[in-house]
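Undergrad: Okay, handing you the structure first.
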Amino acid sequence: MGKKNKKNNNGEIKFISKEMKKQTYRNEDVKLFVSAIVILIVMGICLVALFYFNGKFVTKDEFQDTTTTTTTTTTVAFDKSTILGEKTFKQSDKSYYVLFYDSKDTNYGAMYANLAYNYQGKTKLYNVDLGSSMNKKYYNPEGKENTKPTKESELVITKPTLIKIEKGKVTSYVSDRKEIINLLNEKATNK
């Protein structure tokens, strides 16, 4: 009952038992498994070779000889001239200017930044970026401008403004764009 008859091409009858069939299937499964493992190993070797090739020849940053590589040190300098609006009256200088402008303003933001950069060195100038979310509470384009604030909570800036502070008090408040440009250009050229 456990055997079957099978004829081959010559007409001879072959007897194949169920156990032999199971072994044949097992051998085919083993062959399939071994071939899958071989394929995975070949793919792994190809990935390692690709990684090596990329590091060695394409990006040229891996596997470099340390004796031929030079390192440079970069010193990071923080821009201390840009402050938050809440620090407007808290600077250590006795006399200084504070320029309020929106750096994201597509028409004049870059111009004010350039003027402030050129002005550095003559008299102390601090910048407050009204485009920053940390300074939004001081910027209200539709509000009423306070030209004589005595503390930061009283600041209401409606447009680009240049304030001069001496000994903690506002001595000059300019919000006309042309006057600000003229004043900063004048101070920048008198270095």
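The values are calculated or read from the model by the stated rules, or taken from the named source; none is laboratory data. All values derive from a computational prediction rather than experimental measurement. Because the Cβ atoms are built from the backbone with ideal geometry, glycine has one as well, and the counts that use them run over all protein chains shown.
Undergrad: I want to confirm something. Restricting to the range 92-112 and keeping residues that are in contact with an Asp or Glu (Cβ under 9 Å, 6 or more places away or on another chain) and of a type in the set (Gly, Ala, Ser), which single residue is farthest from Leu183 (Cα to Cα)?
TA: Ranking the candidates gives Ser103 first.
Undergrad: Do you know which of the residues in the range 92-122 that are touching a residue at least 40 places away in the same chain (Cβ under 8 Å) and either among the basic types (Lys, Arg) or not assigned by TED's automatic domain parsing to the domain that holds Ile163 (or both) is nearest to Ile157 (Cα to Cα)?
TA: Lys94
Undergrad: Please tell me if Asn146 is assigned to a loop (DSSP other than H, G, I, E, B) and either assigned by TED's automatic domain parsing to the domain that holds Val170 or in contact with a strand residue (DSSP E or B) (Cβ under 8 Å, 6 or more places away or on another chain) (or both).
TA: yes
Undergrad: Mind checking whether some residue in the range 151-162 is of a type in the set (A, V, I, L, M), surrounded by 14 or more Cβ atoms within 10 Å (Cβ to Cβ), in a helix (DSSP H, G or I) and free of Cβ contacts under 8 Å to residues at least 40 places away in the same chain?
TA: Narrowing the range 151-162 to residues of a type in the set (A, V, I, L, M): 155-157, 162.
This time we only want the ones that are surrounded by 14 or more Cβ atoms within 10 Å (Cβ to Cβ), so: 155-157, 162.
After this cut, where a residue has to be in a helix (DSSP H, G or I) as well, the list is none.
No, the range 151-162 contains no residue that is of a type in the set (A, V, I, L, M), surrounded by 14 or more Cβ atoms within 10 Å (Cβ to Cβ), in a helix (DSSP H, G or I) and free of Cβ contacts under 8 Å to residues at least 40 places away in the same chain.
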